[in-house]
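Asks: Here's a structure for you.
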Amino acid sequence: MLAAVPPTALTISIQQTIDLLDSDFAELAEGVAKSRYAFWLGSGISRERVDDLKPVIARVIAYLRDRIDPSAANCRFRVALDDALSHAKLSPAEKAEIDYAKPITEWPVVDTIIARLTSAYARLLDVRVEGEAEDYLLWEAVDVTRTFAAAAIPDCEHLCIAILAIEGVLPDVASANWDGLIEAAVSELTDGVVTTLRVCVRAQDFRELPLRTRLLKFHGCAVRAGRDPATYRPLLIARLSQITQWRYNSSYTIMRQQLIALATTKPTLMIGLSAQDSNIQDVFAEGEASMTWGWPCSPPAHVFAEETLGPDQRNLLRCVYRAAYTSNGSAIEASARFRAFARPLLIALVLHVLCAKLLAFLHTVNAPSLTAADYAKLEEGVITLRNRLAAAADPNRLVFIREFVHRTAR
């Protein structure tokens, strides 16, 4: 008989994800249920609602090309496009396949350009167009408010985060995302009653009355930038110069201090976040300098929802574990890699947390006639119910979570 092929992050089912939370990552599951973890979120949780980097990059390149004036020898848009393409590190043969007179969709090398610029997006958005504001490409070419603020229907991931927030197990969420989909999910599930989520973008936001969950949007908020550009447009972080200066810019001092406190005092679960930006790496490095995370660590201090750990994630582990990483690197990486992406992991965490609450509730019931064996049987039944729900969650996970909310809401 052939051995079963282990699931990957792309193929894993909700039940298999639950099984991981019950076994290899039981400490992570318990830590989330006990409100110990800070979630750090990136674009991976919103990729089916807003554009990810590749279409954004394509839009910038097309925007510059479409505005070139062929009659102007030094057209500012041609100069900017030359600068933008320089970050793709094209060979002479690849450059020869580019014709500015044709739309980028007709460039044979366009996919190569977009793929290479994905890891250099911050440099791309820092390209200067003569006579325009520093953030011109983000504000005009990307059209950040239309692209990100207009997304209003939350996806499965956002609804799961909202459930965890409402259940009180998610006190701190740090997000690099500009969209307002988590806010939309919480509003939907609470009928717009503002008792759960405190969104923090500006320093002043941290003085507001604390609520059940803090959402720290450390790269800014497109929704607020659209409503109040004078205040929030400068806080949209995308360009390399902004990321480099972030730790020295007084506008971000309070946010940075709050993030360092999270990195120092709370275990981290990163979902959909590559951690490639240097300001994120700096936060964790500075946190470790104040109070190190030892190894072994219970619960795991840093967990990434990924199929494989990328160089930026491994570098972050080196920063926070220091000497321990040299001799325990393989074990540290194994403890830090949860092989499921955002959707299955978040659904599994919702089911785990609600199951854990029911199990805890069982032991508060005044039932003197129940024996220890009776309680064990009841606990077994609750876990069986959870697993049956997990089996029903595939294949349409969004339909499942909406039906689950509908049928369990009071």
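The values are calculated or read from the model by the stated rules, or taken from the named source; none is laboratory data. This one's a predicted model, so the numbers in the text were calculated from it and none came from an experiment. Backbone-built Cβ (ideal geometry, glycine too); neighbour counts: all protein chains shown. In case anyone asks, the SASA skips ligands and DNA or RNA and just uses the protein heavy atoms, side chains included. Shrake-Rupley method; radii C 1.70, N 1.55, O 1.52, S 1.80 Å.
Asks: Quick one: how many residues across the stretch 121-140 are surrounded by fewer than 18 Cβ atoms within 10 Å (Cβ to Cβ) and hydrophobic (A, V, I, L, M, F, W, C)?
Replies: 1
Listed here are the residues, each with its yes/no results for (1) outside any helix (DSSP H, G or I); (2) acidic (Asp, Glu).
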position	(1), (2)
10	yes, no
19	no, yes
32	no, no
51	yes, yes
56	no, no
65	no, no
69	yes, yes
73	yes, no
77	no, no
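Asks: In addition: Looking at the stretch 308-335, I want the residues that are in contact (Cβ under 8 Å) with a residue 40 or more places away in the chain and over 20 Å from residue 291 (Cβ atoms) and have a partner that is of a type in the set (Gly, Ala, Ser) and open to solvent by less than 70 Å² (accessible area, probe 1.4 Å) with Cβ atoms under 6 Å, at least 6 apart or on another chain. Which pairs are those?
Replies: From the stretch 308-335, the pairs are 313/275.
Asks: Tell me yes or no: at least one residue of the stretch 35-48 is on the phi > 0 side of the Ramachandran plot and among the basic types (Lys, Arg).
Replies: Within the stretch 35-48, not a single residue is on the phi > 0 side of the Ramachandran plot and among the basic types (Lys, Arg).
Conditions (1) out of contact with any strand residue (DSSP E or B) (no Cβ under 9 Å at 6 or more places or on another chain); (2) more than 30 Å from residue 304 (Cα to Cα); (3) open to solvent by 20 Å² or more (accessible area, probe 1.4 Å), marked per residue:
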| position | (1), (2), (3) |
| --- | --- |
| 41 | no, no, no |
| 44 | no, no, no |
| 54 | yes, no, yes |
| 58 | yes, no, yes |
| 64 | yes, yes, no |
| 83 | yes, yes, yes |
| 87 | yes, no, yes |
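Asks: Here's something else I'd like to know. Tell me, please, whether a residue that is crowded, with 16+ Cβ neighbours inside 10 Å and among the basic types (Lys, Arg) can be found in the stretch 355-364.
Replies: No; the residues of the stretch 355-364 include none that is crowded, with 16+ Cβ neighbours inside 10 Å and among the basic types (Lys, Arg).
Asks: Having 3 or more residues that are touching a strand residue (DSSP E or B) at 6+ places or on another chain (Cβ under 8 Å) and of a type outside the set (D, E, K, R) is the bar; report the helices (runs of 4 or more DSSP H) wholly within the stretch 319-404 that clear it.
Replies: Those helices (runs of 4 or more DSSP H) span 342-362.
Conditions tested, residue by residue: (1) open to solvent by 20 Å² or more (accessible area, probe 1.4 Å); (2) at pLDDT 95 or above; (3) touching a Pro at 6+ places or on another chain (Cβ under 8 Å).
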| site | (1), (2), (3) |
| --- | --- |
| 167 | yes, yes, no |
| 178 | yes, yes, no |
| 181 | no, yes, yes |
| 185 | no, yes, yes |
| 192 | yes, no, no |
| 195 | yes, no, no |
| 204 | yes, yes, no |
| 207 | yes, yes, no |
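Asks: Please verify whether the stretch 306-315 includes one or more residues that are outside any loop (DSSP other than H, G, I, E, B) and either among the aliphatic types (A, V, I, L, M) or touching a Cys at 6+ places or on another chain (Cβ under 9 Å) (or both).
Replies: Taking every residue of the stretch 306-315 in turn, none turns out to be outside any loop (DSSP other than H, G, I, E, B) and either among the aliphatic types (A, V, I, L, M) or touching a Cys at 6+ places or on another chain (Cβ under 9 Å) (or both).
Rundown of residues vs (1) more than 19 Å from residue 244 (Cα to Cα); (2) under 28 Å from the mean Cα position of the chain (by Cα); (3) not aliphatic (A, V, I, L, M), yes/no style:
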| site | (1), (2), (3) |
| --- | --- |
| 88 | yes, yes, no |
| 94 | yes, no, yes |
| 100 | yes, no, yes |
| 103 | yes, no, yes |
| 110 | yes, yes, no |
| 126 | no, yes, yes |
| 138 | no, yes, no |
| 151 | yes, yes, no |
| 176 | no, yes, no |
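Asks: Provide a single number: the residues in the stretch 9-47 that are under 14 Å from residue 339 (Cβ atoms) and polar (S, T, N, Q).
Replies: 5
Asks: Right, residue 409: open to solvent by 50 Å² or more (accessible area, probe 1.4 Å) and at pLDDT below 90 or not?
Replies: Yes: the conditions hold for residue 409.
Asks: Moving on. I'd like to know if the stretch 213-229 contains one or more residues that are of a type in the set (Val, Ile, Thr) and surrounded by fewer than 22 Cβ atoms within 10 Å (Cβ to Cβ).
Replies: Checked against the condition, which is being of a type in the set (Val, Ile, Thr) and surrounded by fewer than 22 Cβ atoms within 10 Å (Cβ to Cβ), the stretch 213-229 yields no hits at all.
Asks: Can you spot a residue in the stretch 35-43 that is more than 21 Å from the chain's Cα centre (by Cα), charged (D, E, K, R) and either at pLDDT 95 or above or over 30 Å from residue 163 (Cα atoms) (or both)?
Replies: No, the conditions are met nowhere in the stretch 35-43.
Asks: Something else: Among residues belonging to the stretch 238-279 that are β-branched (Val, Ile, Thr) and crowded, with 24+ Cβ neighbours inside 10 Å, point out the one that is farthest from residue 213 (Cα to Cα).
Replies: The residue in question is 271.
Asks: Within the stretch 240-256, identify whether any single residue is closer than 22 Å to residue 160 by Cα and in contact with a Lys or Arg (Cβ under 8 Å, 6 or more places away or on another chain), and answer yes or no.
Replies: Checking the stretch 240-256: not a single residue is closer than 22 Å to residue 160 by Cα and in contact with a Lys or Arg (Cβ under 8 Å, 6 or more places away or on another chain).
Asks: Given the conditions (1) at pLDDT below 95; (2) open to solvent by 20 Å² or more (accessible area, probe 1.4 Å), which single one is not true for residue 316?
Replies: (2)
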